[in-house]
Amino acid sequence: MASELATNAWLHGLRGVELDDRNAPAAGRSELAIYRRGPETAGELVVTVFDPRTDLDAVVAAIPANPLAGLPDKPLQESLPPAAIDQLLRDLPDNSLPGSPAAVIDGLPPQWWSGRRGLDTVRALSDGRHGFYRTRSRLGAHPVSGKAAWFAIPIPGASLAAKPPTIHLSPFDAVRALRDQLTARGVDGIYHNDLHSESVLSLRHMTVWCRDGSFTWADGSSGAVRVAYSDLTDVVEKILRINEDREYARLQPRP
């Protein structure tokens, strides 16, 4: 599955162009990342492959009209209205991996036909845990915007990786760890403040609270999203996705 996504990133994201390895690592290359997320009872291994094309339309047949284009940017130290955040999460889900026309090759169904139908293999083996989302690169001195194709597979309960790593962070340390990760990915305009028992991180499009061992931000439908400090990598990806979707929408020409 990782091989299929990496091949597609090279063929379509980089358009099959060979890169000069003398300057590696450099922003704008395809990147493979693997990390663990989730509680002990529902841990997943997540695999993402980055490429520098932000236009999800290039890999997905159709994307709903972006509902964020008309939303104002979040003023500093304020939160987006709950209805706006709810609209963000409802109307911009992970874009599914594109399917292929039905066909049978040498007696095999299309999801097992490699080559032209590699994404069908990923879709079948990941059991629905897959998609595309906008994000930013990890490599190079100046990270760039792009997109990630991803899939996840469940971690067996007997595996040593099933249990999340033990993380002991104060809200003070957690907010700085999150800030450092986002800054390293090229996100600017980040402000943070420390209170008595919690710390807060304010970005252009959202506010994240660090308290009680979790990162928390407004959802709009269920009230809040809470993710443990041990899932810092996944939190960074979720925040980058919201940030990049909003930035992409903001830069599109208005009709």
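Read-outs throughout are calculated quantities, based only on the coordinates presented, and are distinct from any laboratory measurement. These numbers come from a predicted model, not from an experiment. We place every Cβ from the backbone using ideal geometry, glycine too, and count neighbours over all the protein chains shown.
Annotations for the structure displayed:
- Phi-derived couplings, Karplus 6.51 cos²θ - 1.76 cosθ + 1.60 at θ = phi - 60°, listed residue by residue for the stretch 147-153: 9, 10, 8, 9, 8, 9, 10 Hz, with x used for Gly and Pro.
- Approximate spin-label separation E40-S159, in nm, with each point projected 7 Å along Cα-to-Cβ: 1.7 nm
- Of the peptides 141-151, 156-166, 37-47, the order by per-residue mean of other Cβ atoms within 10 Å, starting with the highest, comes out as 141-151, 37-47, 156-166.
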